Amino acid sequence: MGWGGQEIRIINEMIAVRKEGVEVFLACRNDSAIKKKALENNIKVFVLPFKGNADFKTIFNLRKIIKNHSIDIINTHSGKDTWVGGLAAKMTRIRFIRTRHLSNRISSSRSNFINELADYIFTTGESIRSDMIEFNRIKAHKIKSIPTGIDLTIFNPENYKKAKYRKQFNILDDEIAIGILAVLRQFKRHDLFLNMAKAIIEKYPNKKFVFIIAGDGPQKNSILNIINFLKLTSQVRILGHVEKVAELLTAIDMLVLSSDSKEGVPQSVMQGLFMKKSVVATNSGSTKDLFNNNNFQLVGTESSEELVKGVSYYIENNKIERNGVLIQEKFSLEFMSRRIVKIYNHLLS
């Protein structure tokens, strides 16, 4: 129901493959955030209940949609939709692709066979791909890691002036701005980020810091409670959902990812690297897929002390801003869409 990296990937992927000549449709729940974003981008939407793995009403309606619109491929992205979408695809004899976004391990139970029925599987990172081959009986030739692509026309630091956006986000010239861009969910571990903030403030009493949390989600009240408990109300700002992420990345000096699990290849880290930001990220999921020639600080997931080490490295080596190394072309949106469409065509040939 939320709007995070997975939902953003789905919409951006649909827009990108549409540019490659693919006609796209979205089936989702009525009150989901992704429905609104799809309509804003002129994507045809079908509203279905998706009540469970054996939601026969949804399966029946998907079969009708497939036949009425001559759909060739169903691409599913989560648990319930993989069961109902996969079964509808098999019943109508069209291709079934399963996209796996999260890195937490899928049950290896034989009763959890739906992924094995997929004609192909996309993962958002190599660690997810390896896990599904080892634990979920997926054949190696039927699964490929295709990380989320970043739009290089948007995430290009040459298009933005730092002073302008520092002013827009009320960041003072003498403040070191450290940000986290993540949906406010438990596995993103904003508690580690905030404990790191407290430690950094105490470690460098002669420097001014502002810590910025961009995102929205179910953990907001919990995060506010931690901020109050740590007495950080004057140094931490919660912005809510930020639509123009590149502008915020321009304004801040350093980006942090504090997740302890579930990550594919995290979009915020990719975005930060393309914007040449100093990045500190936990080694969760497939984050290490982005690590190239020490282009960011990759730290452990065990504690906030790991984040403190990474942030301290940039502060003590005077590498606060524009030290990220541009990552490889394979992480661009255009490259992602071409790889996906190539597999679509292969499956249909």
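Laboratory data are not the source of any read-out in this text; all were calculated from the coordinates shown. Model, not experiment: these values are computed from the prediction. Cβ coordinates were reconstructed from backbone atoms using ideal geometry, including for glycine residues, and neighbour counts include every protein chain displayed.
Structural remarks
- Neighbour-count ranking [beta-carbon atoms within 10 angstrom, fewest first] of Y313, Y120: Y313, Y120
- Expressed in Å, the radius of gyration and Dmax of the Cα atoms of the stretch 1-95 are 12.6, 34.
- Per-residue 3J(HN,Hα) values for the stretch 57-62, derived from phi via the Karplus relation 6.51 cos²θ - 1.76 cosθ + 1.60 with θ = phi - 60°, read 5, 5, 4, 4, 5, 5 Hz in sequence order (x marks Gly and Pro).
- Amide H contacts under 5 Å for R29, placed H, 5+ residues apart: L48
- Alpha-carbon Rg with Dmax, taken over the chain, Å: 21.0, 67
- From the C-alpha gyration tensor of the stretch 157-330, square roots of 5λ in Å: 21, 19, 16
- Taking the fewest neighbouring Cβ atoms within 10 Å as the starting point, the ordered list for M91, M270 is M91, M270.
- If R0 is 45 Å, the Cβ-Cβ spacing of K44 and S108 corresponds to a FRET efficiency of close to 0.75.
- Among T233, H69, F296 the positive-end extreme of the charge dipole of the chain (Cβ point charges): H69
- Long pairs among K164/K277; K164/K276; K51/K144; K231/K276; K44/K67; K80/K188, criterion Cα-Cα beyond 20 Å: K51/K144; K231/K276; K80/K188
- Dipole magnitude for the stretch 38-113: computed about the Cα centre from +1 point charges on Lys and Arg Cβ and -1 point charges on Asp and Glu Cβ, it is near 300 debye.
- Simple Cβ-charge dipole of the stretch 157-330, Lys/Arg +1 and Asp/Glu -1, about Cα centre, in debye nearest 20: 340 debye
- For A177, the residues 5 or more places off, or on other chains, whose built amide H falls under 5 Å of its own are V210, D253, M254.
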